[in-house]
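The values are calculated or read from the model by the stated rules, or taken from the named source; none is laboratory data. Predicted model only: the values in this text are computed from it and were never measured. Backbone-built Cβ (ideal geometry, glycine too); neighbour counts: all protein chains shown.
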Amino acid sequence: MPISPQDFWCSSPILILCGFGTLLLIVDARCGKGPRDLLPIAGLSLFGLLAAGAAVLLLWGEFGSGGVAPVECFTPMGGMGAAIRCDGYVLVFDAVFLLAAGLTCLISLGYLERMDLRFGEFFALILFATAGMMLMASAMDLVVALLSLEVMSIALYILCGLARTDLRSNESALKYFIIGAFSSAVLVYGIALVYGATGSTALPDIARAASRIDFARGDLLLVGSALIVTALCFKIAAVPFHGWAPDAYEGAPTPVTAFMSTGVKAAAFAMFARIALSLFASYTIPATEVLWLIAMLTMIGGNLAAVVQTNVKRMLAYSSIAHAGYLLVGLVAAVDRRQTDGSVTVGTPDIAFYLIAYTLMTMGAFAVVVWFGRRRREYLLIEDFAGIGFRHPFIAIAFSIFLLSLAGIPPTAGFMAKFGLFRSAVATGHTDLAVIGVLTSVISVYYYLRLVVLMYMRETETGITPTYSPATTLAIVVSGYGVLHLGLFPGSLWRLAEIGAQTLAW
Amino acid sequence: MSPLAQYFPIAVLVLFAIVVAVFLIGLDHFLGPRQPNPTKLEPYECGILGVGTARQRFKVGFYIVALLFLLFDVETVFLYTWVVLFMPLGLIGFVEVALFLFVLAVGLYYAWRKGALEWE
């Protein structure tokens, strides 16, 4: 089947982002070498993100609401499966990526100028990475999934090392690159073995073939799936594959850290869910037991390690590992239900909703950290935040809301999101995971509230002062409103996530 | 035919390669005049000595030039496959290749403006 105009229409958000990324490179190159004014470039990139958002909204009206069946795009000649797919699930995740990218652009504008990192490429790379994330969410073929993962990762390796004269930034980029390349190699190996076992790289074919292979003879499929799950666990930084994350997160420029812990995590989970629900479509492999163990280790490990951190960025890095553990609880529920009766509507909407809430609250928290950062002294120690509740009440209130939401305390988005995940876990008979999740959330309250306590209960004479930046303020206001809105009125968005998950079936 | 028998042509090929190589090197050994000098005896006559510390420093410019070379090398590979299927792919193929070349041109323009082609 040749390529039809509909294929281009369905992939228009990705194409728009790629087009704007290229345009940004041209605009940046026109300025030549040397420092430049970042405002027009940032404005253009935000315009590109808005255009892609408009395309996502139009596509949602057509394919997301369930009126028209999901579309398989770019089916190559010769009987291979479609490359990508446009359905409600993809569009919900597209919105998460665009939200993360937009907030990153907003908080980075002032930061890049203060840190003397006036690189126009920053915004182009953010757009390319976002396009890669969208491809990851919509990939229907393991090879396309791998390629889109690389599109996203290569852009992020560069972003991590953006501060070229900063040793930590170099360390971060190098560690991220080596682990990324290593886990991609593991992924390729897994894909090759799964191809050997099932005879296809297309996810629907794999799901069909996997149900016919019986477990005793499915050793090739077993090893292949194990390698793919391992590689994806590296990408989402699940314990025990998380060692790279704190160093990579700490060294990268703070807006990049924010982007990594929200957008990248969302993209990896969108891909993980689709691949896991195909590989483990029927009970040929005891997948839930393995994912159960990883989820438990990640929740416990991430939260315990976060308690002893003294650096805010490292603390948020471990917290992001812990949140990957909560998300894995949703994945366990989804895979369990998939293996029981083949449906994909349990757990997956909760993962999507959690990622929206998590993106808002993490971006908000990082926006506050970014606000205090300046050249030579980034003020990243937890002690540095002592007493700002008295001097800068607006920032302190916003920061407190984000931290309470991360801890999962009502009436914030974090509570509703966790509630959804644990409800699905209980509904599929994984009450033990829900109990571990709640207990580790209690541990997390300690390290999140420690910051709040320091801000309001310790007065200091000298302290840090933020540099006012309208774009960062806007990002904080948007995420703060989102966190409270989703906490108080989660219904409408929850409904969207559920509709999206209903169109996920293939 | 036994499973191994189908590899017979490969065995012939391997044997043939060995015979040709030994024959040519032997011919050179017996017939060729030899007037060695130090430069001729180096593994590579032009380039960096093959013996010495491995921790030699390269100018980073080499890598950028190598990358740009790779870019156009890969471009040629893609263009050849397109040429073979020019007629069946039709207009869509042409548009896609044009887009591909445009993206490459943007990359070259970017590298040029950023001074990647200046050697000092």
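State whether one or more residues within the stretch B:23-32 are more than 14 Å from chain A (Cβ to nearest Cβ) and either assigned to a loop (DSSP other than H, G, I, E, B) or under 23 Å from A:GLY19 (Cα atoms) (or both). Please lay out each step first, then the result.
We begin by selecting, within the stretch B:23-32, every residue more than 14 Å from chain A (Cβ to nearest Cβ); these are B:23-32.
Adding the requirement that they be either assigned to a loop (DSSP other than H, G, I, E, B) or under 23 Å from A:GLY19 (Cα atoms) (or both) leaves B:32.
Scanning the stretch B:23-32, I find at least one residue that is more than 14 Å from chain A (Cβ to nearest Cβ) and either assigned to a loop (DSSP other than H, G, I, E, B) or under 23 Å from A:GLY19 (Cα atoms) (or both), so the answer is yes.
Quick one: count up the residues across the stretch B:72-91 that are within 13 Å of chain A (Cβ to nearest Cβ) and either surrounded by 11 or more Cβ atoms within 10 Å (Cβ to Cβ) or in contact with a Ser or Thr (Cβ under 8 Å, 6 or more places away or on another chain) (or both).
Count: 2.
Out of the residues in the stretch B:92-108 that are at the interface with chain A (Cβ under 9 Å from one of its Cβ atoms) and either under 17 Å from B:VAL77 (Cβ atoms) or modelled with pLDDT of 90 or more (or both), which is surrounded by the fewest Cβ atoms within 10 Å (Cβ to Cβ)? Even if it seems obvious, please write down each step before you answer.
Quick first cut of the stretch B:92-108, residues at the interface with chain A (Cβ under 9 Å from one of its Cβ atoms) only: B:92, B:96, B:102-103, B:106-107.
Those still in the list that are either under 17 Å from B:VAL77 (Cβ atoms) or modelled with pLDDT of 90 or more (or both) too: B:96, B:102-103, B:106-107.
Numbers: B:GLU96: 14, B:PHE102: 11, B:VAL103: 13, B:VAL106: 16, B:GLY107: 16.
The extreme case among them is B:PHE102.
Looking at (1) facing chain A (nearest Cβ under 10 Å); (2) in a helix (DSSP H, G or I); (3) at pLDDT below 90, which one does B:GLY115 not meet, given that it meets all the others?
So B:GLY115 meets the others, but not (2).
Only residues in the stretch A:354-368 that are within 21 Å of A:LEU421 (Cα to Cα) count as the first member; pair them with residues that are in a helix (DSSP H, G or I) and basic (Lys, Arg), Cβ under 8 angstrom, at least 6 apart or cross-chain, and list the lot.
Every condition considered, the pairs that remain are A:TYR354/A:LYS418; A:LEU355/A:LYS265; A:TYR358/A:LYS265.
Report the residue count in the stretch A:18-63 for those that are more than 14 Å from every other protein chain (Cβ to nearest Cβ) and assigned to a helix (DSSP H, G or I).
Applying the first criterion (more than 14 Å from every other protein chain (Cβ to nearest Cβ)) to the stretch A:18-63 yields A:37-40, A:42-63.
Subsequent filtering for residues that are assigned to a helix (DSSP H, G or I) retains A:39-40, A:42-63.
Total satisfying the criteria: 24.
Can you tell me which condition A:VAL56 does not meet? The list is (1) surrounded by fewer than 18 Cβ atoms within 10 Å (Cβ to Cβ); (2) within 18 Å of A:SER138 (Cβ to Cβ), and all the others hold.
Every listed condition holds for A:VAL56 apart from (1).
Just checking, how many residues over the stretch A:169-210 are more than 23 Å from the chain's Cα centre (by Cα), part of a helix (DSSP H, G or I) and crowded, with 16+ Cβ neighbours inside 10 Å? Even if it seems obvious, please write down each step before you answer.
Step one: of the stretch A:169-210, the residues more than 23 Å from the chain's Cα centre (by Cα) are A:189, A:192-202, A:204-210.
Pick out the ones that are also part of a helix (DSSP H, G or I) and you get A:189, A:192-198, A:204-210.
Those still in the list that are crowded, with 16+ Cβ neighbours inside 10 Å too: A:189, A:193-195, A:197-198, A:204-207, A:209-210.
Final tally of qualifying residues: 12.
In the stretch B:93-120, how many residues are within 24 Å of the chain's Cα centre (by Cα), within 12 Å of A:LEU25 (Cβ to Cβ) and of a type in the set (Val, Ile, Thr)?
Going through the stretch B:93-120 one residue at a time, the tally reaches 1.
For A:VAL442, are the conditions met, namely being surrounded by fewer than 16 Cβ atoms within 10 Å (Cβ to Cβ) and in a helix (DSSP H, G or I)?
Details: surrounded by fewer than 16 Cβ atoms within 10 Å (Cβ to Cβ): yes; in a helix (DSSP H, G or I): yes.
So A:VAL442 passes the test.
Taking B:TYR7 as the residue in question, decide whether it is free of Cβ contacts under 8 Å to residues at least 12 places away in the same chain, closer than 30 Å to B:LEU117 by Cβ and either touching a Lys or Arg at 6+ places or on another chain (Cβ under 7 Å) or not polar (S, T, N, Q) (or both).
Numbers: free of Cβ contacts under 8 Å to residues at least 12 places away in the same chain: yes; closer than 30 Å to B:LEU117 by Cβ: no; either touching a Lys or Arg at 6+ places or on another chain (Cβ under 7 Å) or not polar (S, T, N, Q) (or both): yes.
Criteria not met by B:TYR7.
Kindly establish whether B:PRO36 is assigned to a loop (DSSP other than H, G, I, E, B), out of contact with any Gly (no Cβ under 6 Å at 6 or more places or on another chain) and exposed (fewer than 10 other Cβ atoms within 10 Å of the Cβ).
Numbers: assigned to a loop (DSSP other than H, G, I, E, B): yes; out of contact with any Gly (no Cβ under 6 Å at 6 or more places or on another chain): yes; exposed (fewer than 10 other Cβ atoms within 10 Å of the Cβ): yes.
For B:PRO36, the condition - assigned to a loop (DSSP other than H, G, I, E, B), out of contact with any Gly (no Cβ under 6 Å at 6 or more places or on another chain) and exposed (fewer than 10 other Cβ atoms within 10 Å of the Cβ) - is met.
Among the residues of the stretch A:85-97, is any surrounded by fewer than 21 Cβ atoms within 10 Å (Cβ to Cβ), part of a helix (DSSP H, G or I) and in contact with a Ser or Thr (Cβ under 9 Å, 6 or more places away or on another chain)?
Quick first cut of the stretch A:85-97, residues surrounded by fewer than 21 Cβ atoms within 10 Å (Cβ to Cβ) only: none.
The answer is no, given that none of the residues of the stretch A:85-97 is surrounded by fewer than 21 Cβ atoms within 10 Å (Cβ to Cβ), part of a helix (DSSP H, G or I) and in contact with a Ser or Thr (Cβ under 9 Å, 6 or more places away or on another chain).
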